[in-house]
Amino acid sequence: MERYKGKSIFKGIAIGKIKFYFKGKQQVKREKVDNIEAEIQRYEQAKEKAVGQLNALYEKAVQEVGEASAAIFEVHTMMLDDDDYNDSVHNIITSQGVSAEYAVATTGDNFATMFSEMEDEYFKARAADIKDISERLITVLSGGASGSDIGEEPVIIVAEDLAPSETVQMDKDKLLAFVTELGSANSHTAILARTMNLPALIGVEIQESWNGKMAVVDGYSGTLIIEPDEDVLASMKARQEQDRATRELLSQLKGKEDVTLDGKQIKLYANIGSIKDVAMVLENDARGIGLFRSEFLYLEKEDYPTENEQFQVYKTVAENMAGRRVVIRTLDIGADKQVDYFKMAHEENPAMGYRAIRICLDRVEIFKTQLRALFRASAYGRISIMYPMIISVDEVRKIKTIVHQVKAELDAEGIAYGEVEQGVMIETPAAVMISDLLAEEVDFFSIGTNDLTQYTLAIDRQNSKLDSIYDSHHPAVLRMIQMVIENGHKGGAWVGICGELGADTTLTETFLKMGIDELSVSPTFVLPIRKIIRETNLN
Amino acid sequence: MKSFSYVITDEVGIHARPAGILAKEAKTVDSKITLSANGKTAEATKLMAIMSMGVKKGMEVTVTAEGGDEDASIAKMEEFFKANL
């Protein structure tokens with residue numbers, strides 16, 4: 001078993017035999033011709049034929065991968081029609097008295113070099129398109145057949161490089177994955193691979209000796225595994241099966257509403273820990289973000305993140321979510337999340353110590369910086385703010401006073417901000433017991449079941465010795481959730497769950513029947529939960 | 001000579017497809033259309049020349065029309081840029 005690294009283009013797993021793909025490399029010799037006029041005619045005819053081929057490829061690609069990805073062949077037709085390209089070919093034939101093949105090869109090389117020397121990755125990648133159209137012309141001129149026979153059994157194609165036309169011509173049913181040495185993430189072959197849902201790696205140092213060997217392409221880690229052992233094969237097969245199940249759910253449920261059989265609309269949102277996760281949220285079709293843990297901004301830094309740094313991140317997330325709700329939780333460090341520059345004293349019992357809102361209400365400047373960034377970002381999308389570790393109404397009132405000051409400052413500076421909903425995490429038994437009072441103060445509740453369970457059962461989740469008595473479905477916790485939902489609704493606050501229990505599919509129906517308004521789960525759980533919501537009848 | 005300036009809003013800039021459509025469009029107007037941006041100049045009818053300018057989002061392009069019915073040509077080009085780029 002050997003492993004090779006590459007850059008992954010599409011996340012997926014492919015298992016199968018490798019087929020080494022040799023390009024019909026055309027060696028073009030510089031040949032003199034006598035009849036220049038006839039050579040130019042020959043070129044014009046070849047061009048016409050190439051355009052015909054491209055039109056056919058375009059039709060095939062529209063059928064198989066859709067119009068957007070097929071547009072590349074339309075672009076190739078336009079390139080063949082380019083005055084400069086054609087003038088160059090004509091000029092080389094005429095002035096040097098050489099064959100059309102040679103004139104095309106030289107012109108193609110010149111133009112490809114021009115693009116490959118450009119700085120921008122997108123334009124650099126266009127060199128491959130020039131090579132592709134030039135090779136097509138040469139194939140037509142030299143009477144060669146184009147077409148890529150890849151055999152009968154489905155294979156992983158390994159090649160130095162693949163042109164989009166080669167990719168599209170391969171029989172889709174027999175393609176498992178692509179592995180190439182050259183190419184870029186912006187190349188059309190890469191775009192086609194993504195459209196066809198094919199795992200693909202680029203930048204792998206390929207070896208001809210792999211031909212015919214069993215291999216795995218792991219698009220998640222960007223690894224090619226040659227002759228995998230039994231264990232690797234088994235785990236990859238399991239992963240593949242999981243992917244298949246997710247894709248199936250997606251095709252059934254993407255774009256569908258989160259509504260129960262009897263018509264109750266549920267807010268089904270996703271939890272994220274950094275800006276990078278937004279892509280996953282959109283891929284899994286969550287209707288919003290129910291918990292954006294802002295800690296990562298602090299954890300990955302050597303010093304306090306500035307207002308502007310934070311503002312940029314919140315703004316980007318709000319904009320990417322395009323008007324969907326984004327609930328951002330203010331700083332929740334302390335306990336198991338420590339940051340050196342906060343210089344916090346050692347504690348015997350940090351889970352119940354100086355953490356989260358307790359730090360924010362004590363070191364108000366840190367809190368204000370974050371609030372200013374959040375309110376500024378609220379001008380760019382639908383931001384809601386959520387405060388963690390609340391145990392009293394007094395804390396909420398203190399927060400409101402600070403929020404009031406922040407807004408007044410922004411007003412005085414003429415800085416715009418939007419409507420911002422404010423809510424609290426319900427993760428302490430105290431907050432549960434006074435949830436009727438808290439509901440009067442805020443717009444929403446989000447139940448953090450991890451901490452709530454730990455505090456209610458007095459069981460340290462990090463102590464593995466206690467696993468046997470830790471019961472995440474303990475009636476005490478479920479009753480608390482019921483109580484919070486009822487109190488929230490009485491006080492006019494919507495109620496959600498953002499802890500791990502929210503993604504526990506065995507409890508989804510229970511929560512829905514309790515009257516939960518929102519569930520916020522890891523992106524990969526969104527669709528399985530959507531399925532249950534749509535199959536549940538509350539009456 | 002008539003001209004206008006336009007700031008590119010397309011995410012990828014003047015990429016292959018709009019450059020191709022622009023080249024076609026520029027062939028249908030009466031005047032000779034020239035683009036300048038990024039310190040380079042190209043005739044609008046030439047797809048590869050336009051692409052080699054490497055025009056990205058946020059860059060300002062100056063489009064000029066020379067000869068023939070300049071008013072009609074420049075109006076058509078302005079419409080094209082607003083709709084496609």
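The values are calculated or read from the model by the stated rules, or taken from the named source; none is laboratory data. Source: prediction; values computed, not measured. Ideal geometry is used to build each Cβ from the backbone, glycine not excepted, and the neighbour counts take in all protein chains shown.
A compact table of results
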quantity: Residue list for the stretch A:263-301, restricted to those being in a helix (DSSP H, G or I) and aliphatic (A, V, I, L, M); calculated: A:ILE275, A:VAL278, A:ALA279, A:MET280, A:VAL281, A:LEU282, A:LEU297, A:LEU299
quantity: Unique residue being on the phi < 0 side of the Ramachandran plot and either surrounded by fewer than 18 Cβ atoms within 10 Å (Cβ to Cβ) or aromatic (Phe, Trp, Tyr) (or both) when the list is A:GLU74, A:GLU101, A:GLU119, A:GLU135; calculated: A:GLU119
quantity: Residue that is surrounded by the most Cβ atoms within 10 Å (Cβ to Cβ), among those in the stretch A:417-430 that are over 19 Å from A:ARG325 (Cβ atoms) and out of contact with any Leu (no Cβ under 6 Å at 6 or more places or on another chain); calculated: A:THR428
quantity: Residue match in the stretch A:18-38 (condition: assigned to a helix (DSSP H, G or I) and touching a residue at least 40 places away in the same chain (Cβ under 8 Å)); calculated: yes
quantity: Single unsatisfied condition, B:THR41 versus (1) facing chain A (nearest Cβ under 10 Å); (2) β-branched (Val, Ile, Thr); (3) in a strand (DSSP E or B); calculated: (1)
quantity: Top-ranked residue of the stretch A:299-348 - restricted to ones that are farther than 22 Å from A:LEU410 by Cβ and aromatic (Phe, Trp, Tyr), ranked as surrounded by the most Cβ atoms within 10 Å (Cβ to Cβ); calculated: A:PHE342
quantity: Count of residues meeting criterion [facing chain A (nearest Cβ under 10 Å), basic (Lys, Arg) and more than 19 Å from A:ALA70 (Cα to Cα)] in the stretch B:1-18; calculated: 0
quantity: Test: residue in the stretch B:62-77 that is part of a loop (DSSP other than H, G, I, E, B), within 14 Å of another protein chain (Cβ to nearest Cβ) and farther than 21 Å from A:LEU80 by Cα; calculated: no
quantity: Meets criteria (under 19 Å from A:MET79 (Cα atoms) and out of contact with any Phe, Trp or Tyr (no Cβ under 9 Å at 6 or more places or on another chain)) for B:ASN84; calculated: yes
quantity: Candidates B:ILE50, B:ILE21 - the one that is β-branched (Val, Ile, Thr), within 13 Å of another protein chain (Cβ to nearest Cβ), under 9 Å from the mean Cα position of the chain (by Cα) and not in a loop (DSSP other than H, G, I, E, B); calculated: B:ILE50
quantity: Lone unmet requirement of (1) loosely packed, with under 13 Cβ neighbours inside 10 Å; (2) assigned by TED's automatic domain parsing to the domain that holds A:VAL521 for A:ILE289; calculated: (1)
quantity: Number of the condition not met by A:ILE130 [criteria: (1) under 12 Å from A:TYR43 (Cβ atoms); (2) in contact with a Gly (Cβ under 7 Å, 6 or more places away or on another chain)]; calculated: (1)
quantity: Residue count, the stretch B:5-46 (criterion: in contact with an Asp or Glu (Cβ under 7 Å, 6 or more places away or on another chain) and among the polar types (S, T, N, Q)); calculated: 4
quantity: Some residue of the stretch B:43-58 being crowded, with 21+ Cβ neighbours inside 10 Å, farther than 21 Å from A:SER88 by Cβ and free of Cβ contacts under 8 Å to residues at least 60 places away in the same chain; calculated: yes
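Let's see how each residue does on (1) among the small types (Gly, Ala, Ser); (2) modelled with pLDDT of 90 or more:
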| site | (1), (2) |
| --- | --- |
| A:GLU248 | no, no |
| A:GLU257 | no, yes |
| A:ALA270 | yes, yes |
| A:VAL281 | no, yes |
| A:ALA286 | yes, yes |
| A:THR306 | no, yes |
